[in-house]
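The block underneath contains the structure these notes are about, expressed in structure tokens.
The values are calculated or read from the model by the stated rules, or taken from the named source; none is laboratory data. Remember, it's a predicted structure, so these values are computed and weren't measured experimentally. Here the Cβ is made from the backbone with ideal geometry for all residues, glycine too, and neighbour counts use every protein chain on show.
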Amino acid sequence: MKVRPLDDNGDFVPVYSLTQMVSGAEAVKQAVEMRLRFYHGEWWEDEDIGFEIPDFLVENIRSGEIDLVSKYISQYIASTQDVQSVDDTLSVYSDHILQFACVITTTSGEEEEVEVDVDGLL
């Protein structure tokens, strides 16, 4: 997998050759982070794609029960191309923001830490 690099804000950086593309475990990590930040209904051309936390899970978050949400996000990450497993998950909910962290293992056996704030959905 090759993807364009992201800047500190999570935006794509322009590339001028294939040598500037990101590959390997870093590319898989970026793909996971982009999938989690691209919310359902956000793209005008196809509002059916994107990450969405179902309403019944939002209620669990608000009541402090975030285990199911953590499992849901882990399964979503596991469906990303070249992700072999999702381990060491940690979810913390505070001030309407869910902070999610995990370690992904790629199909090539490399590990990467993923951290993302899921806001705007809760």
(message) Checking residue 16 against (1) touching a Leu at 6+ places or on another chain (Cβ under 7 Å); (2) among the hydroxyl-bearing types (Ser, Thr, Tyr); (3) not in a strand (DSSP E or B), only one condition comes out false. Which one?
(response) (1)
(request) Look through segment 100-115, keep the residues that are surrounded by fewer than 16 Cβ atoms within 10 Å (Cβ to Cβ) and out of contact with any Asp or Glu (no Cβ under 7 Å at 6 or more places or on another chain), and return whichever of them is modelled with the lowest pLDDT. (result) 115
(message) Among the residues of segment 79-88, are any within 17 Å of residue 112 (Cα to Cα) and touching a Leu at 6+ places or on another chain (Cβ under 7 Å)?
(response) no
(request) Could you tell me which residue of segment 1-30 is modelled with the lowest pLDDT, considering only residues that are small (Gly, Ala, Ser) and out of contact with any strand residue (DSSP E or B) (no Cβ under 6 Å at 6 or more places or on another chain)? (result) 10
(message) Restricting to segment 74-100, count the residues that are within 21 Å of residue 3 (Cβ to Cβ) and of a type outside the set (Ser, Thr, Tyr).
(response) 8
(request) Find all pairs meeting these conditions: Cβ atoms under 7 angstrom apart; at least six residues apart or on different chains; first residue within segment 78-98 and free of Cβ contacts under 8 Å to residues at least 40 places away in the same chain and outside any strand (DSSP E or B); second residue among the β-branched types (Val, Ile, Thr) and surrounded by 12 or more Cβ atoms within 10 Å (Cβ to Cβ). (result) 78/86
(request) Among what's in segment 48-77 and is touching a Gly at 6+ places or on another chain (Cβ under 9 Å) and in contact (Cβ under 8 Å) with a residue 12 or more places away in the chain, pick the residue that is nearest to residue 99 (Cα to Cα). (result) 52
(request) Check whether at least one residue in segment 54-76 is modelled with pLDDT under 95, part of a helix (DSSP H, G or I), acidic (Asp, Glu) and surrounded by 14 or more Cβ atoms within 10 Å (Cβ to Cβ), and report yes or no. (result) no
(request) Could you please give the count of residues in segment 26-77 that are in contact with a Lys or Arg (Cβ under 8 Å, 6 or more places away or on another chain) and among the aliphatic types (A, V, I, L, M)? (result) 2
(request) Take residue 41 and decide whether it is surrounded by fewer than 14 Cβ atoms within 10 Å (Cβ to Cβ), touching a residue at least 24 places away in the same chain (Cβ under 8 Å), on the phi > 0 side of the Ramachandran plot and part of a loop (DSSP other than H, G, I, E, B). (result) no
